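Student: My structure is below; once you've seen it, I'll send some questions.
The values are calculated or read from the model by the stated rules, or taken from the named source; none is laboratory data. All figures in this text were calculated on a predicted structure; none of them were measured in a lab. Every residue, glycine among them, receives a Cβ derived from its backbone with ideal geometry; neighbour counts consider all protein chains shown.
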Amino acid sequence: IVDRLFLGLRAAAADHKLLQEAAIKLILSIGSSGDPVGPSSNTTISTRYIRVGDFDRGLLLDQLPGAFSFVDEALTEGSVLVLSEESDTEAAAAAVVIGWLMAR
């Protein structure tokens, strides 16, 4: 999307080669299940989770400032992957990235 900022799906978090090649240091996981997505425990990649439930816009809007700060901090250390956990949260993950681009 921009240098070192990536948008992806759940499978991307399990692809260790992809994560390493892209120098991913942080995964911002957005979903409704309550279970954050991330690589195996043998990694230095940090994760953060935003639960959006049934895509309640109020809940997502409340999370955006923290998500933006998290992306900003992570970009100082390496690359960031913002991902959707399930197909019903793809729009929320994209909204976070679009919102971050507009705010910056």
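Student: List pairs: first in segment 5-24 and under 25 Å from residue 69 (Cβ atoms), second of a type in the set (Gly, Ala, Ser), Cβ under 6 Å, 6+ apart or cross-chain?
Tutor: 9/84; 13/38; 22/79; 23/78; 23/79; 24/79
Student: Let me ask something else. So, residue 37, is that one modelled with pLDDT under 85 and β-branched (Val, Ile, Thr) or not?
Tutor: Taking the combined requirement at face value, the residue satisfies it.
Student: Residues that are over 11 Å from the mean Cα position of the chain (by Cα), polar (S, T, N, Q) and modelled with pLDDT of 85 or more: does segment 84-100 have at least one?
Tutor: So far as segment 84-100 goes, no, none of its residues is over 11 Å from the mean Cα position of the chain (by Cα), polar (S, T, N, Q) and modelled with pLDDT of 85 or more.
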